[in-house]
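The values are calculated or read from the model by the stated rules, or taken from the named source; none is laboratory data. This is a predicted model, so every value here is computed, not measured. Because the Cβ atoms are built from the backbone with ideal geometry, glycine has one as well, and the counts that use them run over all protein chains shown.
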Amino acid sequence: MKKLFKNFTKQDFLYICICILLIVFQVWLELKMPDYMSAITRLVETEGSSIKDILVNGGFMILCAFGSLISAVVVGYFASHLASNFSKTLRNKIFTKVFRFSAKEIKEFSTSSLITRTTNDITQVEMLISMGLQMIVKAPIMAVWAIFKILNKGLEWSILTGICVLILLTTIGLLMLIVMPRFARVQKLIDKLNGVTRENLSGIRVIRAFNAEDFQKNRFEQTNNDLTKMQLFNQRCFSIMQPIMMLIMNGLTLGIYLIGAYLIENAIISTKITLFSNMVVFSSYGMQVISSFLMLAMIFMMAPRASISANRINEVLEKKESIKEGKFNGHTKETGTVEFKDVSFKYPDADEYLLKNISFKVNKGETIAFIGSTGSGKSTLINLVPRFYDVTEGEVFVDGVNVKEYQEEALNNKLGYVSQRAVLFTGSVYDNVSYGDNGKQKSTLEKVKKALYVAQGTEFVEKMEGSYNAHIARGGTNISGGQKQRLSISRAIARDPEIYIFDDAFSALDYKTDAILRRELKKYTKDATILIVAQRIGTILNADKIVVLDNGKVVGIGTHKELLKNCKVYKEIALSQLSKEELEHA
């Protein structure tokens, strides 16, 4: 928790100081009321007392109560404002931090866990700040102040109050020992529930197609039941607090009056009024002491879960990024070159290398393609260029500079990346195609139209309601797979990058559209470098270089015709897709 408090601003500390001052004032007012009550009691019991004096003291009690109310409202406002601002700052920091994470860090936390940490965990901390600021400050001040007020009012009553407080603290301590370890499991179960829910929603079509609704429902119910049982256990433990509190408070009141009755009965007449007055005051102050510990008990209920949530938030904020940003600003003598030198790579949690001793170079204006069987490392290889992962051994150069030396923004501005899975965002067609910043002016409508024309998307876009301003749902769920792919390709084209990276980006297109798109793309990007991962031989026939991968190793580099003669693996892939006659005339 201490580490999180470093996120408070100077203005936040000002709010905290104001709240503390107002809480002290509020406590003073609340503890002043029993004094007026004692005075009224003495006036009522004393002969010759005027009604005016009683009303004056009563008026002061009302003013104290009203002043306490105003203070409580102001403190509540500032505490809520402070907590909400603190949560806002934390969410921004986590969001920014996660943006800098590589795929390695994302996998370590999991998407569902990061969502929980950004929402539920921050809410737990926010609740503690909002309520705790008032109670943590008020409770000890009130308890100590009230104890000093009653020290000279009666030894018997003081002993009784001490016993009640001891019972209360013992109960709270036992509950903390039982419940505290289970709060960490609650947050993990929320992560798991979040993950199962996301999986069900994202895979709903497959679930329905395979009649797996019952299976998924059972998975969800199992996780939901585990979370419910854990929460029920915790809440049942905490539910013990309420009856114990009521028992202690009412028992204390009853005990004070029983002891008071005994003391008054055996006292001399001259001290009876004083004892009675002390009894009334002590009962009020005793309640203040117990209510103070009651407030602390409520904090003790909230603090363990908030503490665990704070630790989970800190895990994200303190996580060291595996990919460190360089300082190079991107201005190079070379343009459009990509070179791999003895590159080997294995995933952080893997024992074996996925890529081994990869070396090649592609120059400006050239097209290089990568092909191989599933799992041969094609996508992993080109993902090393934008630094989604860093190489384990060797070096990757863009425009003659090691990618590790680039500023992230400078490297990305050189690249136009189209992922294997088309990713679209909520907004219009124009928003999606002109998406992002590449160090130039935002793409104009004419630029967007040109990019869509090259990507063969003009026809279907102009038929949509609103045309270029047509709505695209989150993930592109309101258009087909081929249409999503073409919009993704047009987004890369609209950037006019030096280097295009297509990670199996043509797989959702039919052969005719694929051929036309590649022809138009070649015309439009004649001065740009193109890296293509493909499964289809037809997509890469005219590439300047084709790199054939097998089990993470390069088994052939050359043109289509050269590889047919010299590379057995490539020939097998080609013959599995096209006949000999088609290959000869290709």
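State all residues of region 301-311 that are surrounded by fewer than 21 Cβ atoms within 10 Å (Cβ to Cβ) and either closer than 12 Å to Met131 by Cβ or in contact with a Ser or Thr (Cβ under 8 Å, 6 or more places away or on another chain) (or both); if no residue qualifies, say none.
Answer for region 301-311, where residues must be surrounded by fewer than 21 Cβ atoms within 10 Å (Cβ to Cβ) and either closer than 12 Å to Met131 by Cβ or in contact with a Ser or Thr (Cβ under 8 Å, 6 or more places away or on another chain) (or both): Met301, Met302, Ala303.
Within region 469-490, track down each residue that is assigned to a helix (DSSP H, G or I) and crowded, with 18+ Cβ neighbours inside 10 Å. Before you say what the answer is, go through the steps one by one.
Taking region 469-490 as the starting set, the residues that turn out to be assigned to a helix (DSSP H, G or I) are 469, 474-476, 481-490.
Scanning region 469-490 gives Gly476, Gly482, Gln483, Lys484, Gln485, Arg486, Leu487, Ser488, Ile489, Ser490.
Looking only at region 186-207, how many residues end up being over 18 Å from the mean Cα position of the chain (by Cα) and modelled with pLDDT of 80 or more? Give the steps one after another, and end with the answer.
From region 186-207, those over 18 Å from the mean Cα position of the chain (by Cα) are 200-207; that's our starting set.
Filter again for modelled with pLDDT of 80 or more, leaving 200, 207.
Number satisfying all stated conditions: 2.
Take Lys153 and tell me if it is basic (Lys, Arg), surrounded by 15 or more Cβ atoms within 10 Å (Cβ to Cβ) and modelled with pLDDT of 80 or more.
So Lys153 does not fit the description; no.
Just to be sure I understand, how many residues within region 110-122 are farther than 23 Å from Met302 by Cβ and either assigned by TED's automatic domain parsing to the domain that holds Tyr389 or surrounded by fewer than 19 Cβ atoms within 10 Å (Cβ to Cβ) (or both)?
So the count comes out to 3.
Which residue out of Thr223, Thr197 is surrounded by 12 or more Cβ atoms within 10 Å (Cβ to Cβ) and touching a Leu at 6+ places or on another chain (Cβ under 6 Å)?
Values: Thr197 fails: touching a Leu at 6+ places or on another chain (Cβ under 6 Å).
Of the residues listed, the single one that is surrounded by 12 or more Cβ atoms within 10 Å (Cβ to Cβ) and touching a Leu at 6+ places or on another chain (Cβ under 6 Å) is Thr223.
Could you look through region 156-166, keep only residues that are crowded, with 16+ Cβ neighbours inside 10 Å and within 45 Å of the chain's Cα centre (by Cα), and pick out the one that is modelled with the highest pLDDT?
Only one residue tops the list, namely Cys164.
With (1) farther than 20 Å from Gln288 by Cβ; (2) of a type in the set (S, T, N, Q); (3) surrounded by fewer than 19 Cβ atoms within 10 Å (Cβ to Cβ) as the list, and Thr171 as the residue in question, which single condition is left unmet?
Of everything listed in (1) farther than 20 Å from Gln288 by Cβ; (2) of a type in the set (S, T, N, Q); (3) surrounded by fewer than 19 Cβ atoms within 10 Å (Cβ to Cβ), Thr171 misses just condition (1).
Looking at this structure, is Phe233 aromatic (Phe, Trp, Tyr) and at pLDDT 80 or above?
yes
Residues are listed down the side, and each one gets a yes or a no for (1) within 27 Å of the chain's Cα centre (by Cα); (2) at pLDDT below 85:
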{"residue": "Leu317", "(1), (2)": "yes, no"}
{"residue": "Asp349", "(1), (2)": "yes, yes"}
{"residue": "Lys356", "(1), (2)": "no, no"}
{"residue": "Glu366", "(1), (2)": "no, no"}
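Go through Leu247, Leu201, Leu252 for me and flag whichever is assigned by TED's automatic domain parsing to the domain that holds Thr161, free of Cβ contacts under 8 Å to residues at least 40 places away in the same chain and assigned to a helix (DSSP H, G or I).
Just one listed residue meets the conditions, Leu247.
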